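The values are calculated or read from the model by the stated rules, or taken from the named source; none is laboratory data. Quantities reported herein were computed from a predicted structural model and do not represent experimental measurements. Cβ placement follows ideal geometry from the backbone for every residue including glycine, while neighbour counts extend to all protein chains displayed.
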Ligand code: C2E
Ligand code: MG
Ligand code: MG
Ligand code: MG
């Protein structure tokens with residue numbers, strides 16, 4: 001919020017602005033202790049295919065603040081990026097996600113589930129980013145294809161040379177990539193063909209206007225078509241209604257994520273939903289194949 005101060009920069013005292021700055025300073029201070037104090041948690045939001053099978057989940061960080069309760073990443077990620085706190089936080093997210101993949105593997109369940117992790121620009125452009133991912137995957141002996149990194153267009157274009165190098169190194173290991181919030185950045189179509197991208201994640205602002213403004217429907221349709229033609233997967237985020245899902249399916253979108261299927265959930269609730277959905281799935285397939 002404080003970033004939008006430019007317009008008001010001539011007013012000498014603005015109580016609302018002052019309050020914002022105070023909250024910000026307090027959060028910044030608390031953020032320093034949050035990791036040590038174990039205040040972060042990962043939530044999991046399922047990603048499904050056209051027939052509703054859960055193929056993966058996006059991990060979304062939550063900050064359980066001792067006084068403020070659950071703080072949204074929208075309120076602290078940018079701050080963490082500005083203060084450099086995102087570096088240890090980002091490492092924690094990757095390690096926790098990989099440890100979870102290993103735990104499931106050891107429990108002989110969710111064996112093929114992929115986890116998608118959001119990566120911040122300062123985190124990605126750190127010198128040891130590739131090495132940290134490599135090391136973490138080796139440490140847990142994971143199939144690297146189970147880890148998907150969500151990058152944004154601005155991260156990619158921040159330093160295109162560094163991005164190409166790192167993405168290629170990670171691709172050699174087998175790590176997968178999704179372009180998050182696709183269509184909202186400085187969409188340069190140039191890099192789409194130069195980078196090892198597996199998936200375009202259609203931004204929820206387009207998805208949510210399906211059936212409301214015609215142009216957004218056209219954009220969604222165009223992104224799906226472009227992804228198909230480039231041999232890249234398409235995933236729609238923020239799918240909330242059956243109407244949106246049907247439109248996306250009709251235009252060939254491969255994967256879906258949004259409140260229509262599930263909100264992001266804490267680990268145990270996510271596992272319950274997964275098990276329930278799988279039971280339904282196999283019951284349904286038994287009926288349809290006549291096996292009983
Ligand atoms: P994002 O990566 O684009 O994540 C999607 C956001 O949309 C999530 O918000 C998710 O809860 C929300 N969402 C999912 N389905 C729906 C839906 O059907 N309707 C609506 N209205 N919203 C939906 P969340 O969890 O608040 O995260 C916000 C942003 O914070 C993320 O956007 C991502 O940019 C960032 N973020 C979250 N976790 C991390 C993290 O571990 N590391 C980094 N660097 N950034 C993170
Ligand atoms: Mg994301
Ligand atoms: Mg997104
Ligand atoms: Mg977003």
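Yes/no matrix, rows are residues, columns are (1) farther than 30 Å from residue 279 by Cβ; (2) under 14 Å from the mean Cα position of the chain (by Cα):
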{"position": "38", "(1), (2)": "yes, no"}
{"position": "45", "(1), (2)": "no, yes"}
{"position": "57", "(1), (2)": "no, yes"}
{"position": "64", "(1), (2)": "yes, no"}
{"position": "69", "(1), (2)": "yes, no"}
{"position": "74", "(1), (2)": "yes, yes"}
* Output for the range 228-247, where each listed residue is in contact with a strand residue (DSSP E or B) (Cβ under 6 Å, 6 or more places away or on another chain) and within 15 Å of ligand 3 (Cβ to nearest atom) -> 233, 234, 235, 236, 237, 239
* Residue count for the range 76-99, restricted to those that are over 16 Å from the mean Cα position of the chain (by Cα) and under 30 Å from residue 276 (Cβ atoms) -> 1
* Where a residue in the range 231-247 is on the phi > 0 side of the Ramachandran plot and its partner, wherever it lies, is outside any strand (DSSP E or B), with Cβ under 6 Å and at least six apart -> 238/204; 238/207; 238/208; 238/258
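Which of the residues belonging to the range 180-202 are within 16 Å of ligand 2 (Cβ to nearest atom) and in contact with a strand residue (DSSP E or B) (Cβ under 8 Å, 6 or more places away or on another chain)?
180, 181, 182, 183, 185, 197, 198, 199, 200, 201, 202 - these are the residues of the range 180-202 that are within 16 Å of ligand 2 (Cβ to nearest atom) and in contact with a strand residue (DSSP E or B) (Cβ under 8 Å, 6 or more places away or on another chain).
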* Please give the number of the condition residue 75 fails out of (1) under 20 Å from residue 43 (Cα atoms); (2) surrounded by 17 or more Cβ atoms within 10 Å (Cβ to Cβ); (3) within 16 Å of ligand 4 (Cβ to nearest atom). => (2)
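From the list 82, 58, pick out the single residue that is away from ligand 3 (no atom under 16 Å from the Cβ) and either farther than 21 Å from residue 131 by Cα or in contact with a helix residue (DSSP H, G or I) (Cβ under 7 Å, 6 or more places away or on another chain) (or both).
It is 82.
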* Asked: Within the range 138-149, is there a residue that is within 16 Å of ligand 4 (Cβ to nearest atom), in contact (Cβ under 8 Å) with a residue 24 or more places away in the chain and touching a strand residue (DSSP E or B) at 6+ places or on another chain (Cβ under 9 Å)?
  -> yes
* Structure fact -> Filtering the range 190-215 down to residues that are more than 18 Å from residue 177 (Cα to Cα) and away from ligand 4 (no atom under 16 Å from the Cβ) yields 210, 211, 212, 213, 214, 215
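Yes/no matrix, rows are residues, columns are (1) exposed (fewer than 14 other Cβ atoms within 10 Å of the Cβ); (2) at pLDDT below 95; (3) not in a helix (DSSP H, G or I):
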site	(1), (2), (3)
212	yes, yes, yes
228	no, no, no
246	yes, no, no
278	no, yes, no
286	yes, yes, no
291	yes, yes, yes
* To do: Search the range 153-169 for residues that are within 14 Å of residue 130 (Cβ to Cβ) and pair each with any residue that is surrounded by 19 or more Cβ atoms within 10 Å (Cβ to Cβ) when their beta-carbon atoms are under 6 Å apart and the residues are at least 6 apart or on different chains.
  => 163/156; 166/130; 169/130
* **Residue check for residue 246: more than 21 Å from the chain's Cα centre (by Cα) and either within 22 Å of residue 116 (Cβ to Cβ) or within 16 Å of ligand 1 (Cβ to nearest atom) (or both)** => yes
